[in-house]
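For reference, the structure is listed below as structure tokens.
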Amino acid sequence: MKESKLKSFMQVWVKKHRQRALPHSIILAVLLAIPFFAHGKIDEVEPPSNTRPDNVDYRVSMVGDMMLGRHVQEAADRSGESIGRVFDYVTPYFQESDYSTGNFESPIIDAENPEIESQMEDYELHNKNIHLYSNKGAEQAIVDAGFNSVNMANNHAMDYGNLSLTETLKHMETVDLDLLGIGEVLDSGEARGDVENPEHLEDVKDAGEIKYFDINENYKAAILGFTDVYVSGYSAGDYVGGVLTNDGLNVLQDRIREAKEQADIVIVHSHWGEEYQVGSSREQENLAWLMTDIGADIIIGHHSHVLEPVSIVETANNKSLVMNSLGNFVFDQGWSRTKESTLAQLDFLDDGSVDLSFVPMQISDTRPRETSGILKPYRDYRIYRTLRKEIDRDLWRVEDGRLKIDVEKAGVLDYGGSAS
């Protein structure tokens, strides 16, 4: 009897749910489709226009890690486009800026040249597991996008040893682009007393070279770069080429002091921290404090491949704004946090004030673009929440689709306003 009742119950239950199966399936399909439609919306975004408000006298744009090789190159090959496609949705931001800079995380090697390609395995450093390079032509893509400088002091610039250095410098010399943190020597001054003709060192690319640019006729900026992440064979020295690393920390300190004597604002690219870390490390905090104390005003952090909080660092001698990591900008990593990105823009306004704003970005098919689509509010919230985590509430606001930090109120920079 019990078995009969149970059988009848099951028959009724199956009949009811069979009737509901179609609508339930439709609802489920809609829910599952939302991420795909949202992704499609991202792909349909057009490049922006008029990215610069009229009240901006001078704009410095800054981004994190860029790598135009490996799967980024493969994506360009599949599309039948040049590698410059990666900047299709963001070029207006840089072209409408006065100065643009980022971290370029690979050497440039003409691997299509059989003679060069045959040497790569021999030059590949064996004390690291991942070796990156971008093909010849990447340098032109960077310039065409609107960059003025790139930091090369990072943990991939020398992946192919001296071949990385010679190839990168050779190809970069063909374009109008300042290289930061890489060179044929690290001129500490000691080597000048050991050569018969020290003047010839002036024609050699110095890994610790400082670059300068004018905000206006009364206000000058200096920029340089170094890496705290490297392996043996990376460090430049008095008689050897490479990148500016922590081995040259005394030189780095001297250069920051020199920059501070010559410029009103000192910007330092810092390749540091741990990959995929949630927040800054103790080593980062110590380095940020040291660089701030001797004169750094704006620190552009990268290496972790994910966004990290912005922080204000204050010492007895100075106060700085530290972007611990701007995350990836052009890269081929596939999980969500490595595809959350931002474009930082330091704006000197016509009323004499200074804002640092962050444009929320998402990497899709290796290409960065401003967030959009049905998931834009959620994506923006995630990006803003990370960036503002360590900033006092009265220093930030969300305005015009950007997270903005009031640099003047934060006490960073001594800017006298427009010269006009």
Kindly establish whether Val56 is buried (at least 21 other Cβ atoms within 10 Å of the Cβ), β-branched (Val, Ile, Thr) and at pLDDT 95 or above. no
Pull out all pairs, ordered by first then second residue, where Cβ-Cβ is under 7 Å, the residues are six or more apart or on different chains, the first lies in region 89-114 and is more than 28 Å from Val266 (Cβ to Cβ), and the second is acidic (Asp, Glu). Ile109/Glu167; Asp110/Glu167; Ala111/Glu117
Could you look through region 150-175, keep only residues that are in contact with a helix residue (DSSP H, G or I) (Cβ under 6 Å, 6 or more places away or on another chain) and farther than 20 Å from Val231 by Cβ, and pick out the one that is surrounded by the fewest Cβ atoms within 10 Å (Cβ to Cβ)? Val175
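Report yes if Glu285 is acidic (Asp, Glu), farther than 30 Å from Asn216 by Cα and not in a loop (DSSP other than H, G, I, E, B), otherwise no.
Values: acidic (Asp, Glu): yes; farther than 30 Å from Asn216 by Cα: yes; not in a loop (DSSP other than H, G, I, E, B): yes.
Spelling it out, Glu285 is indeed acidic (Asp, Glu), farther than 30 Å from Asn216 by Cα and not in a loop (DSSP other than H, G, I, E, B).
Please give the helices (runs of 4 or more DSSP H) falling wholly within region 111-203 in which 2 or more residues are over 21 Å from Phe331 (Cα atoms), more than 20 Å from the chain's Cα centre (by Cα) and modelled with pLDDT of 95 or more.
Details: elements: 114-123, 138-145, 161-172.
Hits in region 111-203: 114-123, 161-172.
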Is it the case, given these coordinates, that Leu413 is part of a strand (DSSP E or B) and touching a strand residue (DSSP E or B) at 6+ places or on another chain (Cβ under 9 Å)? no
Every listed condition ((1) farther than 28 Å from Leu125 by Cβ; (2) crowded, with 24+ Cβ neighbours inside 10 Å; (3) of a type outside the set (S, T, N, Q)) holds for His271 save (1)
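Of the residues in region 213-227, how many are without any contact (Cβ under 8 Å) to a residue 60 or more places away in the chain and either of a type in the set (A, V, I, L, M) or crowded, with 18+ Cβ neighbours inside 10 Å (or both)? Steps first, please.
Just the residues of region 213-227 that are without any contact (Cβ under 8 Å) to a residue 60 or more places away in the chain, to begin with: 214, 220, 222, 224.
If we keep only those that are either of a type in the set (A, V, I, L, M) or crowded, with 18+ Cβ neighbours inside 10 Å (or both) as well, we get 222, 224.
Residues meeting the conditions: 2.
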Given (1) free of Cβ contacts under 8 Å to residues at least 12 places away in the same chain; (2) more than 23 Å from Val90 (Cα to Cα), index of the condition Ser336 fails: (2)
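Would you confirm whether any residue within region 269-281 is of a type in the set (S, T, N, Q) and in a strand (DSSP E or B)? Give the derivation first.
From region 269-281, those of a type in the set (S, T, N, Q) are 270, 277, 280-281; that's our starting set.
Restricting the remaining residues to those that are in a strand (DSSP E or B) gives 270.
Yes, because at least one residue in region 269-281 is of a type in the set (S, T, N, Q) and in a strand (DSSP E or B).
So, in region 55-110, how many residues would count as being acidic (Asp, Glu), more than 23 Å from Thr174 (Cα to Cα) and within 15 Å of the chain's Cα centre (by Cα)? Even if it seems obvious, please write down each step before you answer.
From region 55-110, those acidic (Asp, Glu) are 57, 65, 74, 77, 81, 88, 96, 98, 105, 110; that's our starting set.
Filter once more, keeping what is more than 23 Å from Thr174 (Cα to Cα): 57, 74, 77, 96.
Going one step further and asking which of them are within 15 Å of the chain's Cα centre (by Cα), we end up with none.
Summing the residues that are acidic (Asp, Glu), more than 23 Å from Thr174 (Cα to Cα) and within 15 Å of the chain's Cα centre (by Cα) in region 55-110 gives 0.
Looking at region 324-351, which of the residues that are assigned to a helix (DSSP H, G or I) and closer than 14 Å to Val278 by Cα is farthest from the chain's Cα centre (by Cα)?
At the first step, the residues of region 324-351 found to be assigned to a helix (DSSP H, G or I) are 336-339.
Then keep just the ones that are closer than 14 Å to Val278 by Cα; that gives 336-338.
Numbers: Ser336: 16, Arg337: 14, Thr338: 12 Å.
The extreme case among them is Ser336.
Scan region 229-244 residue by residue and report those that are assigned to a loop (DSSP other than H, G, I, E, B) and without any contact (Cβ under 8 Å) to a residue 60 or more places away in the chain. Break it down into steps so the answer makes sense when it comes.
Step one: of region 229-244, the residues assigned to a loop (DSSP other than H, G, I, E, B) are 229-234, 236, 238-239, 241, 244.
Listed by number, the residues that qualify are Ala236, Asp238, Tyr239.
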Looking at (1) buried (at least 20 other Cβ atoms within 10 Å of the Cβ); (2) β-branched (Val, Ile, Thr); (3) within 20 Å of Met152 (Cα to Cα), find the lone condition where Thr292 falls short. (3)
How many residues are in a strand (DSSP E or B) and within 14 Å of Phe329 (Cβ to Cβ) when one looks only at region 60-99? 6
Assuming Arg382 fulfils every condition listed in (1) free of Cβ contacts under 8 Å to residues at least 40 places away in the same chain; (2) charged (D, E, K, R); (3) surrounded by fewer than 19 Cβ atoms within 10 Å (Cβ to Cβ) apart from one, which condition is it? (1)
For region 204-228, which positions are assigned to a strand (DSSP E or B), closer than 19 Å to Asp98 by Cβ and among the β-branched types (Val, Ile, Thr)? Ile215, Ile223
Unique match (being surrounded by 21 or more Cβ atoms within 10 Å (Cβ to Cβ) and at pLDDT 95 or above) among Ile256, Ile210: Ile256
Of all residues in region 230-245, how many are surrounded by fewer than 24 Cβ atoms within 10 Å (Cβ to Cβ) and touching an Asp or Glu at 6+ places or on another chain (Cβ under 9 Å)? 7
Some residue of region 2-9 being surrounded by 22 or more Cβ atoms within 10 Å (Cβ to Cβ), of a type in the set (Ser, Thr, Tyr) and either at pLDDT 50 or above or closer than 28 Å to Ile300 by Cα (or both): no
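The values are calculated or read from the model by the stated rules, or taken from the named source; none is laboratory data. Only a predicted model underlies this, so the values are computations on that prediction, with no experimental measurement involved. Glycine also receives a Cβ, built like all others from the backbone with ideal geometry; neighbour counts cover every protein chain displayed.
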